[in-house]
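*Asks:* Sending over a structure as structure tokens; questions will come in a sec.
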Amino acid sequence: MTRHAAQTRPARNRIFTRSASSAARVFFQDLADEQISAALRSHLGLLTPAEIRRALRTLGMQQKTLAACLGIAEATLSRWLSGGLIQSRAMDNLLRVYFGIPAVREVLIGSKKITDFGARGTGVRS
């Protein structure tokens, strides 16, 4: 087959493969990304995906329920759990409060309503 004939063949008949060096680059890039994310979480003191998963298991909660309680998309929580996205400091604090204080869970789940927001005796007028 001539060089010209190979170039005119339809693209659907061509088979593309990734070279070993290309696959190695992708592997090491993914590994580096994971290490950078872990170092950043550690430096900022944020919960790791494993810690969030463990808290979910301990509470017997589904991801869908936690996402609804926190007011975030299920896809966002899924990315936190897979390590593809790092939660903000504010969301990390909310996760810690949610996991650590049963009364907060009751309020955010909706089984308990707050009627007193602490305004009495604080000088705040309604």
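*Asks:* Taking the condition of being hydrophobic (A, V, I, L, M, F, W, C) and more than 21 Å from N93 (Cβ to Cβ), how many residues in the stretch 28-60 meet it?
*Replies:* Going through the stretch 28-60, the residues hydrophobic (A, V, I, L, M, F, W, C) turn out to be 28, 31-32, 36, 38-40, 44, 46-47, 50, 52, 55-56, 59.
Next cut, more than 21 Å from N93 (Cβ to Cβ) only: 28, 31-32, 36.
The qualifying residues number 4.
*Asks:* Go through the stretch 51-69 and give me each residue that's closer than 14 Å to L81 by Cβ and not in a helix (DSSP H, G or I).
*Replies:* The answer is M61, Q62.
*Asks:* Return yes when R57 is modelled with pLDDT of 95 or more and basic (K, R) and no when it is not. Quick ask: steps written out before the conclusion?
*Replies:* Working: modelled with pLDDT of 95 or more: yes; basic (K, R): yes.
For R57, the condition - modelled with pLDDT of 95 or more and basic (K, R) - is met.
*Asks:* Considering only residues that are in a helix (DSSP H, G or I), of a type in the set (K, R) and either in contact with a helix residue (DSSP H, G or I) (Cβ under 8 Å, 6 or more places away or on another chain) or on the phi > 0 side of the Ramachandran plot (or both), which ones fall in the stretch 76-114? Walk me through it before giving the result.
*Replies:* From the stretch 76-114, those in a helix (DSSP H, G or I) are 76-82, 89-100, 102-109; that's our starting set.
Filter again for of a type in the set (K, R), leaving 79, 89, 96, 105.
Within the stretch 76-114, R89, R105 meet the criteria.
The values are calculated or read from the model by the stated rules, or taken from the named source; none is laboratory data. In this text, all values refer to a predicted model and were calculated from it rather than measured experimentally. Cβ: placed from backbone, ideal geometry, glycine included. Neighbour counts: every protein chain shown.
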